[in-house]
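The values are calculated or read from the model by the stated rules, or taken from the named source; none is laboratory data. Fair warning: this is a prediction, and the values are worked out from it, not measured in the lab. Methodologically, a virtual Cβ is constructed for each residue, glycine included, from the backbone with ideal geometry; neighbour enumeration extends over all protein chains shown. All accessible areas refer to the heavy atoms of the entire protein, side chains included, with ligands and DNA or RNA removed. Shrake-Rupley method; radii C 1.70, N 1.55, O 1.52, S 1.80 Å.
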Amino acid sequence: MGTVGVVFRRELASYFATPLAYVFIVIFLVMAGALTFYVGGFFERGQADLQVFFNFHPWLYLFLIPALSMRLWAEERKTGTIELFLTLPITTGEAVVGKFLAAWAFTGIALALTFPFWLTVNYLGRPDNGVILASYIGSFLMAGAFLAIGSAISAITKNQVIAFVVSAVVCFLFTASGSPLVLGPVTAWVPGGVVETVASMSFLSHFAAITRGVVDLRDVIFFGSVIGLFLFANTILVELKKAD
C-alpha cells in the first residue's frame, strides 16, 4: 500500500496546485446551498432535518463528479504523461486505486465543508443527528461509485469533454435505473427478472434507504461492489491502452 499512498498524495496535492479544487468546492457549496434553502424550500418546510439537502446530492453529483473524474486518465493520455507515469515502479492497479482514492478524498473534503448546514439545522431545532450522519456516509459512498464509473470511462478517451458526457450519461442510467424513464422502454420486451435486476441497481433507491437513518450492509455492499467492479474495469482499460 506504500506505492498507493505515494500516488494518492501526488494526485491529491495536484488538485490544490491549480484553481480546479477551489472552483469545484465553491460550485458544490453554492449549488448545495441554493438547492437546499431556495429550491428545496428548507425554511418553508418547518422541519429540523437535512432531508431536502441530501435529496439533491445524486443530481449534484451527476454533473460535478464527471467534471472531476474526466481528467483522471484522459488528461494523462492527452499530454502523453501516462507512459511516463506507468513506467514508475508501481502496478497499474496501484495507480488506478491511488488516483481514485485521491479524487474520493477530495470529494470528501468538499462534502465535509457542508458541515455548517448541519450546525444550522441543530441551531434551528433538534434533528435526528444519527440520520444526518448516516446520510453523509451514504452520500460519500455514492460519490465513490460515481467516481469509479467516471474514472473507468476517462481511461477510454483522450478527450475530457467526451469523458464528461459519457460519464454523466452512464451515471444517470445508474442513478435513475429504477424509474419509468429508464425501465419504460424495455419492460415490454425484457423478462421481468431482468427488469427487477436493473431496478435494483438504482443509486437513488440504495441512497434513499441509507438516508432513512439505517446504514444497511446490503447498501454498503452494493456501492462497494460498483466501486470495485469499475476500478477493475479501469485497470483493464489502462492496461489495454498501454499495450496499444
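Mean residue ellipticity at 222 nm from the helices of the chain, using -39,500 (n - 2.57) per DSSP H segment of n ≥ 4 over the full residue count, to the nearest 500 deg cm²/dmol?
Helices in the chain give a 222 nm mean residue ellipticity of -25000 deg cm²/dmol.
May I ask you to give the percent of accessible area on the chain that is carbon plus sulfur, with a probe radius of 1.4 Å?
Details: 8570 of 11810 Å².
The computed percentage sits at 73.
Taking the highest mean first, how do the peptides 212-224, 130-142 order by number of other beta carbon atoms within 10 angstrom per residue?
Descending mean neighbour count gives 130-142, 212-224.
Compare the peptides 4-15, 35-46 by average per-residue count of other Cβ atoms within 10 angstrom and give them in order, highest first. Write out the running numbers ahead of the final one.
Numbers: 4-15: 16.4, 35-46: 13.8.
Sorting 4-15, 35-46 by mean packing, highest first, produces 4-15, 35-46.
Can you compute the charge dipole magnitude of the chain about its Cα centre, using +1 on each Lys and Arg Cβ and -1 on each Asp and Glu Cβ, nothing else charged? Give it in debye, rounded to the nearest 20. Intermediate results must be reported in sequence, preceding the final value.
Values: 13 positive and 13 negative charges, 64 e Å.
In total the dipole reaches around 300 debye.
Averaged per residue, what accessible area in Å² does the chain show with a 1.4 Å probe, protein chains only?
On the way: 11810 Å² over 244 residues.
Per-residue accessible area for the chain comes out at 48 Å².
Within the P(r) computed for the stretch 1-73, what percentage of the Cα pairs occupies the region above 17 Å?
Values: 1468 of 2628 pairs.
It works out to 56 percent of all Cα pairs.
Choose one answer from Phe16, Phe54, Phe230: the residue with the largest mean-square fluctuation in a GNM of the chain with alpha-carbon springs under 10 Å.
Phe16
Using just the alpha carbons, could you tell me how many Å³ per residue the convex hull of the stretch 32-179 encloses? If you can, show how the numbers build up before the last one.
Values: hull volume 18.0 nm³, N = 148.
Given the Cα convex hull of the stretch 32-179, per-residue volume reads 122 Å³.
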